[in-house]
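Reading through the structure tokens given below for one structure.
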Amino acid sequence: MNVRDSEHMIAELNREEPYLLTKDAKEADLILINTCSVREKPVNKLFSEIGQFLKHKKPDAKIGICGCTASHLGEEIFKRAPEVNFVLGARNVSKIREAVLKEKFLDININYDESAYAFGEFRQNPYKAYINISIGCDKKCAFCIVPHTRGEEISVPHELILNEAARAAASGAKEIFLLGQNVNNYGLSGGKKGGVNFSQLLTRISEIDGVERIRFTSPHPLHMDDEFLDVFASNPKICKSMHMPLQSGSTAVLKAMKRGYTKEWFLKCAKKLRAMCPQASISADIIVAFPNESEMDFMDTMEVMEEIRFEQIFSFKYSPRPLTAAAQMTNRIDDKTASARLKMLQERHAAILDEMTPSYMGKVFEVYFEELRENGFAAGRTSQNNTVCVKGSEELLGKIKSVKITQPQRLILYGEVV
Ligand code: 5AD
Ligand code: SF4
């Protein structure tokens, strides 16, 4: 989402005059730091990053802090780093042109509605188009700061999404990547559902000329109804890679997290998906050491991972965040226990991957090539979201090719075009 927000800001700036991108802070006239605040670490990093930029930047270069940490710290950023010129919240990126013109500018209003704003076009990768389909989140999971930084959940009107997808496909992006905090809750307007739902939106996008692949993140397990699973399993343009943010495998912890489902409910849903679409890969987000998490609770998480055998996990130690319900909880888990649990989870997952990896040997996948890597390799993805590398150059980019895997590794499958 942050990548897309950065693209939005670049597109807005480009409306007035073409901005050139540079990764070298010494030559930049404008430095944008787009921030995350989901865990504490990146927030702490922000101020050391600002310090680094101040050391090296041109004397007149402006610095803007954008995104969720901007939303959450607001004025405090000016107090701690007075050299910063503007602070623009995650829900206010459309104001970037106004912000760069002022000496000081702050907008972190989470009630601002950007959902119908027609952003300019800019893509860091021309082969794949990220499209926001909703902004904000109404879920209020006990650990999560996002509803406080991105505000109420609103769906972007489907006409805007379909037009954006059609323009992207016409310009050569074969893959459309839909973004939102709860994509499969799409269709919300003023807190109410109505009109086109997520399953219908997926179908409509798949009918656009030139769209060959559709991905999305993040769906919420709670909204994985039969209509959605049917469309996912049966529409050949929808990539067979599903993210299921488990968070915890313990029903007691899930309840404390206010996730709205139980361990059994999650297992049933994931198994149904495996049965309806056996070729699908499933990834998960997992938090260990949420307040009060017992050894037994943690073992429940291990058990769910063992049963579903996720193809990919993103796992984190719980990080207390201001404004969240969990920040008030007293029974914190000490860091040593938290680290041990995270290590155990990650090591077991690596072992699961090591068991799976050899089975890719000799298989043929359709790979959409999207970037060049070092040493003469081109990289792309399978429908299941595995990264595949083959020897090759520019001529492969933007193309879908059959690739036979000759050297499967845990994170990259090496192969050759057949
Ligand atoms: N601590 C640790 N991980 C968190 N996430 C969200 N909030 C926190 C937190 N306070 C994780 C969740 C979410 C992912 C984007 O980040 O797993 O799905
Ligand atoms: Fe955060 Fe929960 Fe909303 Fe996801 S669904 S953004 S974890 S509050």
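For the residues ALA70, ALA28, ALA61, the requirement of being under 26 Å from LEU179 (Cα atoms) and at pLDDT 95 or above singles out ALA70. Of the set (1) within 16 Å of ligand 2 (Cβ to nearest atom); (2) in a loop (DSSP other than H, G, I, E, B); (3) in contact (Cβ under 8 Å) with a residue 60 or more places away in the chain, all apply to PHE122 but (1).
Conditions (1) outside any strand (DSSP E or B); (2) modelled with pLDDT under 95; (3) more than 14 Å from ligand 2 (Cβ to nearest atom); (4) of a type in the set (Gly, Ala, Ser), marked per residue:
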{"residue": "ASP138", "(1), (2), (3), (4)": "yes, yes, no, no"}
{"residue": "PHE177", "(1), (2), (3), (4)": "no, no, yes, no"}
{"residue": "GLY210", "(1), (2), (3), (4)": "yes, no, yes, yes"}
{"residue": "ARG215", "(1), (2), (3), (4)": "no, no, yes, no"}
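Applying a threshold of 7 Å to beta carbon distances and a minimum spacing of six or more residues, or different chains, the list of pairs starting in region 42-58 at a residue that is aromatic (Phe, Trp, Tyr) and ending at one that is exposed (fewer than 13 other Cβ atoms within 10 Å of the Cβ) and assigned to a helix (DSSP H, G or I) reads PHE47/ARG80.
If we keep just the residues of region 231-283 that are polar (S, T, N, Q) and in contact (Cβ under 8 Å) with a residue 40 or more places away in the chain, which is surrounded by the fewest Cβ atoms within 10 Å (Cβ to Cβ)? Restricting to residues being polar (S, T, N, Q) and in contact (Cβ under 8 Å) with a residue 40 or more places away in the chain, the top hit is GLN279. Please verify whether region 109-128 includes one or more residues that are at pLDDT 95 or above, within 16 Å of ligand 1 (Cβ to nearest atom) and surrounded by 17 or more Cβ atoms within 10 Å (Cβ to Cβ). So far as region 109-128 goes, no, none of its residues is at pLDDT 95 or above, within 16 Å of ligand 1 (Cβ to nearest atom) and surrounded by 17 or more Cβ atoms within 10 Å (Cβ to Cβ).
Exactly one residue out of THR22, THR69, THR35 is surrounded by fewer than 13 Cβ atoms within 10 Å (Cβ to Cβ) and within 23 Å of GLU83 (Cβ to Cβ): that is THR22.
Residue check: LEU222 meets all listed conditions (1) of a type in the set (A, V, I, L, M); (2) modelled with pLDDT of 95 or more; (3) in a helix (DSSP H, G or I) but one, namely (2).
Out of all the residues in region 334-352, is one or more away from ligand 2 (no atom under 16 Å from the Cβ), over 30 Å from GLY415 (Cα atoms) and not in a helix (DSSP H, G or I)? Spell out the reasoning first.
So the first thing to find is which residues in region 334-352 are away from ligand 2 (no atom under 16 Å from the Cβ), and the list is 334-352.
Those left that are additionally over 30 Å from GLY415 (Cα atoms): 334-344.
Subset that is not in a helix (DSSP H, G or I): 334.
Within region 334-352, one or more residues are away from ligand 2 (no atom under 16 Å from the Cβ), over 30 Å from GLY415 (Cα atoms) and not in a helix (DSSP H, G or I).
If you go through region 140-161 and keep only what is more than 14 Å from ligand 2 (Cβ to nearest atom) and either part of a loop (DSSP other than H, G, I, E, B) or in contact with a Lys or Arg (Cβ under 6 Å, 6 or more places away or on another chain) (or both), you end up with VAL156, PRO157. Is at least one residue of region 61-69 assigned to a helix (DSSP H, G or I) and charged (D, E, K, R)? No - not one qualifying residue is present in region 61-69.
May I ask you to verify whether GLN384 is closer than 23 Å to LEU246 by Cα and either surrounded by fewer than 20 Cβ atoms within 10 Å (Cβ to Cβ) or touching a residue at least 40 places away in the same chain (Cβ under 8 Å) (or both)? The answer is yes for GLN384.
The values are calculated or read from the model by the stated rules, or taken from the named source; none is laboratory data. None of these values were measured; they are calculated from a predicted model. Note that we place each Cβ from the backbone using ideal geometry, even for glycine, and neighbour counts take in every protein chain shown.
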